[in-house]
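Data first, discussion second: the structure below is written as structure tokens.
The values are calculated or read from the model by the stated rules, or taken from the named source; none is laboratory data. Please read these numbers as outputs of a predicted model, since none were measured by experiment. All Cβ positions, even for glycine, are placed from backbone atoms using ideal geometry, and neighbour counts span all protein chains on display.
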Amino acid sequence: MSLVGRLEDLALADIFQIISLSKKTGTLILKNKAKGSAAVVFKNGQIIQAATDDIRDTLGNILISKGYISEDSLARALNVQKNMKGVKRLGQILVETGSISREVLEETIREQIEGMVYSLLGWEDGFFNFDLGSVLVSDKIEVVTQDFLLKAGLNPEYLLMESARVLDEKKRGKKGTPALPAGGGEPGPGPEDKTKVSEFAQFLQEQGVAPSVPSPEENAASDKDRELNQLKSMFEELRFPSATAEITLLILRFASELVSRSVLFMVTRDEVRGLGQFGMEFPDDSPDRRVRKIRVPVKESSIFSDVIRDKRTKIGCFTESAWDMYLIKELGGEPKGYFLVPMISNGRVAAILYGDNLPDGRPIPGISGLEIFVHQAGLAMEKALLERKISELEKQLSSGRAQPGTEQAESGRKQP
């Protein structure tokens with residue numbers, strides 16, 4: 001998964017949610033013409049480090065300003081760090097020497113990271129690039145950041161809620177609202193809009209993800225924008241699904257943008273069975289009826305086995321095993337490749353999305369956005385099922401409260 005684009009097209013809050021929900025590890029690099037550069041490091045979807053060019057306070061200065069350590073204690077710790085050639089972080093040395101407690105250190109780092117993130121959430125324009133895996137922040141930003149590392153991590157969704165609360169409190173203190181442009185509607189394009197494409201191309205070049213020829217750069221950026229906008233739009237629809245059936249339809253609709261055919265399979269304790277489809281064609285049968293007849297035992301070896309066991313996406317080809325041959329027959333042919341994306345609900349694989357490109361045989365495209373969406377769909381499914389259970393429980397309780405009164409009335413009628 002690699003996210004590259006403009007903050008005008010995909011807000012930073014949405015980017016945080018995507019990374020958090022997909023539990024990715026990597027570094028988000030941000031660049032703004034006026035505010036400089038910033039970096040946010042994620043581990044399994046949690047924020048563990050942040051740095052910006054416009055917040056340059058060191059950990060030592062912050063601890064002194066808060067009265068936690070003296071200048072002499074800082075000088076001694078810095079000297080130890082220098083002699084150890086930076087092997088240990090400053091905070092670790094201060095804890096080991098008894099200058100501060102670990103709780104104070106973690107709270108200070110947490111506050112600093114929160115402050116940086118709240119500041120970044122105010123960025124409304126600029127470029128972003130999320131690199132998977134370990135990326136040295138020092139390679140992307142000039143500020144020394146290694147001291148502001150929080151191993152436990154911060155939940156991005158918590159930070160988003162807190163940021164919204166803080167922003168709301170600030171707005172309450174302001175009088176009036178910004179005026180709309182003449183005639184209403186969205187503001188017209190300004191002179192700086194003419195340079196956005198070239199600036200974005202330059203940003204892509206700096207991140208090492210753009211081709212060197214100008215026209216392919218613009219095309220690639222446009223494709224990324226479309227993909228991100230599509231993902232954002234689908235998230236909006238998934239936010240308030242009216243039923244679990246609507247969730248499955250949204251998954252199939254998203255898949256239809258990527259491949260020629262797709263089938264959503266439901267996973268029970270004993271079997272994997274067809275639930276819904278798009279793009280399937282059979283000359284002698286209804287595609288929906290044909291798909292719903294498909295049954296594969298969970299305990300038998302098939303293309304589903306690894307996905308159910310590992311709970312991870314799989315891209316592969318069919319084998320000559322008995323159940324693979326059965327699926328090839330029931331699906332109407334053998335594609336050159338397929339993908340399987342698991343939908344996790346309540347800690348287990350509740351459904352598996354299958355996709356291929358029969359009959360044209362195109363290679364399987366990148367499906368990072370689809371993986372993220374299916375993961376979110378699993379959470380939405382959990383929520384929908386929970387709400388249904390709560391509703392049923394409320395009905396039972398309501399019925400139970402009415403019952404004693406009914407019995408009492410019947411008893412009263414039977415008495416002479």
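Of all the residues that make up the stretch 325-358, how many are part of a loop (DSSP other than H, G, I, E, B) and either acidic (Asp, Glu) or within 23 Å of Pro287 (Cβ to Cβ) (or both)?
Keep residues of the stretch 325-358 that are part of a loop (DSSP other than H, G, I, E, B), which gives 332-337, 346-347, 357-358.
Applying the additional criterion that residues be either acidic (Asp, Glu) or within 23 Å of Pro287 (Cβ to Cβ) (or both) yields 332-337, 357-358.
Of the residues in that region, 8 qualify.
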So Glu410 passes all but one of these: (1) in the same structural domain as Ser260 (by TED's automatic domain parsing); (2) modelled with pLDDT under 75; (3) surrounded by fewer than 10 Cβ atoms within 10 Å (Cβ to Cβ). Which condition number does it fail? (1)
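Counting only residues that are farther than 24 Å from Asp360 by Cα and without any contact (Cβ under 8 Å) to a residue 40 or more places away in the chain, how many does the stretch 307-322 have? Give the derivation first.
If we filter the stretch 307-322 for residues that are farther than 24 Å from Asp360 by Cα, which is where we start, we get 307-312, 321-322.
Keeping just the survivors that are without any contact (Cβ under 8 Å) to a residue 40 or more places away in the chain gives 309-312, 321-322.
Number satisfying all stated conditions: 6.
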Take the residues in the stretch 363-406 that are loosely packed, with under 11 Cβ neighbours inside 10 Å and β-branched (Val, Ile, Thr); name whichever of them is modelled with the lowest pLDDT. Thr406
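Would you tally the residues in the stretch 356-378 being closer than 16 Å to Arg312 by Cα and in contact (Cβ under 8 Å) with a residue 12 or more places away in the chain?
Here is the first cut: in the stretch 356-378, the residues closer than 16 Å to Arg312 by Cα are 366-378.
Subsequent filtering for residues that are in contact (Cβ under 8 Å) with a residue 12 or more places away in the chain retains 367-378.
Total satisfying the criteria: 12.
Look at Asp14 and say whether it is farther than 30 Å from His375 by Cβ and of a type in the set (Asp, Glu). Before you say what the answer is, go through the steps one by one.
Details: farther than 30 Å from His375 by Cβ: no; of a type in the set (Asp, Glu): yes.
No: the conditions fail for Asp14.
Scanning the stretch 22-67 for residues that are over 27 Å from Leu132 (Cβ atoms) and assigned to a helix (DSSP H, G or I), which turns out modelled with the highest pLDDT? Quick ask: steps written out before the conclusion?
First, the residues of the stretch 22-67 that are over 27 Å from Leu132 (Cβ atoms): 34, 56-67.
Still in the running and assigned to a helix (DSSP H, G or I): 59-65.
Working: Leu59: 77, Gly60: 80, Asn61: 82, Ile62: 83, Leu63: 85, Ile64: 88, Ser65: 84.
So the residue we want is Ile64.
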Taking only the stretch 274-324 into account, find how many residues are of a type in the set (Lys, Arg), assigned to a helix (DSSP H, G or I) and either within 24 Å of Ser256 (Cα to Cα) or touching a Pro at 6+ places or on another chain (Cβ under 6 Å) (or both). 3
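For (1) touching a Leu at 6+ places or on another chain (Cβ under 6 Å); (2) of a type in the set (Lys, Arg); (3) buried (at least 16 other Cβ atoms within 10 Å of the Cβ), each residue gets a yes or a no:
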position	(1), (2), (3)
Val291	no, no, yes
Pro297	no, no, no
Ile303	no, no, yes
Thr319	no, no, no
Leu331	no, no, yes
Pro335	yes, no, yes
When the stretch 27-59 is examined, which residues are found to be on the phi > 0 side of the Ramachandran plot and under 16 Å from the mean Cα position of the chain (by Cα)? Asn44, Gly45
So for the stretch 4-14 (the condition being part of a helix (DSSP H, G or I), within 30 Å of Ile367 (Cβ to Cβ), in contact with a Pro (Cβ under 8 Å, 6 or more places away or on another chain) and touching a residue at least 24 places away in the same chain (Cβ under 8 Å)), does at least one residue qualify? no
Restricting to the stretch 30-46, what's the tally of residues that are under 17 Å from Ala11 (Cα atoms) and surrounded by 22 or more Cβ atoms within 10 Å (Cβ to Cβ)? 5
Given the conditions (1) under 14 Å from Val374 (Cβ atoms); (2) touching a helix residue (DSSP H, G or I) at 6+ places or on another chain (Cβ under 9 Å); (3) of a type in the set (A, V, I, L, M, F, W, C), every one holds for Ile294 apart from (1)
